[in-house]
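Here the structure is laid out as structure tokens; the discussion comes afterwards.
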Amino acid sequence: MTDITPRINGARMNDYIGRTVRLICKVTKVVGNTALVEATDGATIEVAMTPGTPTIEDYAEIVGTVVTDSKIKMMTCINMGQELDMTLANDLVELIHGPQKEIKEMFF
Amino acid sequence: MSQHDFAGGYVQGSQFGENSPSTKKATSHSLRPVTIKQLLASTQAHGDAEWMLGDCEINHVTAVAHVLNVLVNPTNHVFELGDGTGRIEARHWVDASTEGDEGQGDGVTEHMYARVTGTLKQFGNKKYLNVAHIQPVNDPHEIIFHFFEAVYVTMEYSRGSPGGGGGTGDPMQGVTFGGNQSAYSHQNQGSGDQYSHMNETERKIMQFLRGQDTGGDGIHVAAIGRAIKEDPAVVSDTLEKLVEGGDVFITSDNHFAAI
């Protein structure tokens with residue numbers, strides 16, 4: 001269902017290949033139309049940006065399609081500012097994907 | 001954090017610690033943080049009936065979502081919201097007096113996250129949110145906070161307060177929301193035995209974990225086994241069951257902590 005775009009981290013990329021997801025990340029490097037970002041669990045992900053996307057700095061939420069377990073094709077991105085507790089964000093991702101049924105029902 | 005009068009880390013006006021039907025009705029006056037999926041999953045018996053989410057009545061809700069689209073009409077603003085769990089339309093009815101200093105669209109534009117509060121409505125077979133208030137989210141931590149709060153409140157409705165259901169006094173004993181696990185382990189268990197549905201091993205594990213102040217790091221499965229004097233394989237199996245039931249969570253490889 002395309003309306004559901006789960007938040008993931010590096011470890012879960014593999015489970016969502018071909019699907020649209022949300023990746024909260026820290027931008028480490030931008031070269032042309034490709035950005036290298038760090039996901040909430042520290043994994044490095046390559047982001048293919050659409051030309052003309054305003055440069056994202058620091059923290060962002062990338063909404064895009066997972067191409068491989070380390071590459072994502074951006075559809076849109078939302079600026080998350082200059083300060084973000086990545087451990088907290090990762091805890092949220094892990095909670096959402098955890099085994100508890102009640103939580104699964106809220107998000108998927 | 002943006003100025004936000006409602007969900008400041010606890011749910012106001014609700015009765016917890018009891019699961020009687022009257023409790024569920026009283027909650028219609030409180031503000032419930034939700035995911036859009038939960039809104040879409042809510043049902044209404046007929047046009048004027050209350051909205052139900054599972055066993056609970058919901059009335060005023062709050063959500064934090066990505067603003068996908070904004071449509072400014074003369075009498076209303078229509079926002080398309082998505083929070084990763086679903087999409088919903090939110091309508092804010094305005095007239096000359098509500099415009100105020102917020103200007104067109106309440107300061108909310110596409111490509112940002114917004115905090116919205118309102119009530120669920122249905123038009124035909126399409127649900128939408130009747131907006132009471134909508135404003136931009138300025139601190140990204142509000143997004144993370146909102147989801148944790150929604151999970152917390154939902155779990156509280158289905159399982160009762162953390163640290164002992166029904167009878168150990170004020171369930172809201174200044175519990176800091178959002179991550180300090182040791183706050184729960186200090187609550188007085190008293191005579192309330194919410195482990196009555198668990199077997200002996202589960203109970204021993206829960207009591208041991210509760211008594212540990214690990215600061216969120218958890219305890220290794222072997223250490224749990226030694227402490228309660230049970231075979232590590234049995235402990236491992238029991239822990240798996242407890243994790244699935246949501247009473248225990250895994251903090252790192254083979255380390256566990258109580259909820």
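The number of residues in region A:71-86 that are part of a loop (DSSP other than H, G, I, E, B) and facing chain B (nearest Cβ under 7 Å) comes to 4. Residue count for region B:223-259 satisfying the condition of being open to solvent by less than 40 Å² (accessible area, probe 1.4 Å) and in contact with a helix residue (DSSP H, G or I) (Cβ under 8 Å, 6 or more places away or on another chain): 12.
Residues that are closer than 19 Å to A:ASN79 by Cβ and either assigned to a helix (DSSP H, G or I) or within 14 Å of chain B (Cβ to nearest Cβ) (or both) within region A:32-51 comprise A:THR40, A:THR50, listed in sequence order. Taking the criterion of being open to solvent by 30 Å² or more (accessible area, probe 1.4 Å), modelled with pLDDT under 95 and part of a loop (DSSP other than H, G, I, E, B), the only residue of region A:87-104 that qualifies is A:PRO99. Name the single residue, out of those in region A:1-31 being among the aliphatic types (A, V, I, L, M) and under 14 Å from A:MET86 (Cα atoms), that is nearest to the other protein chains (Cβ to nearest Cβ). The residue in question is A:ILE24.
When A:VAL63 is tested against (1) facing chain B (nearest Cβ under 10 Å); (2) open to solvent by 40 Å² or more (accessible area, probe 1.4 Å); (3) without any contact (Cβ under 8 Å) to a residue 60 or more places away in the chain, exactly one condition is not met: (2).
The one condition from (1) at positive phi; (2) surrounded by 19 or more Cβ atoms within 10 Å (Cβ to Cβ) that A:GLY42 does not meet is (2). Taking the numbered list (1) of a type outside the set (Asp, Glu); (2) open to solvent by 40 Å² or more (accessible area, probe 1.4 Å); (3) in contact with an Asp or Glu (Cβ under 9 Å, 6 or more places away or on another chain) in turn, A:GLY52 passes all entries but (3).
The values are calculated or read from the model by the stated rules, or taken from the named source; none is laboratory data. Source: prediction; values computed, not measured. Ideal geometry is used to build each Cβ from the backbone, glycine not excepted, and the neighbour counts take in all protein chains shown. Heads up: the accessible areas ignore ligands, DNA and RNA and are worked out on the full protein's heavy atoms, side chains in. Shrake-Rupley method; radii C 1.70, N 1.55, O 1.52, S 1.80 Å.
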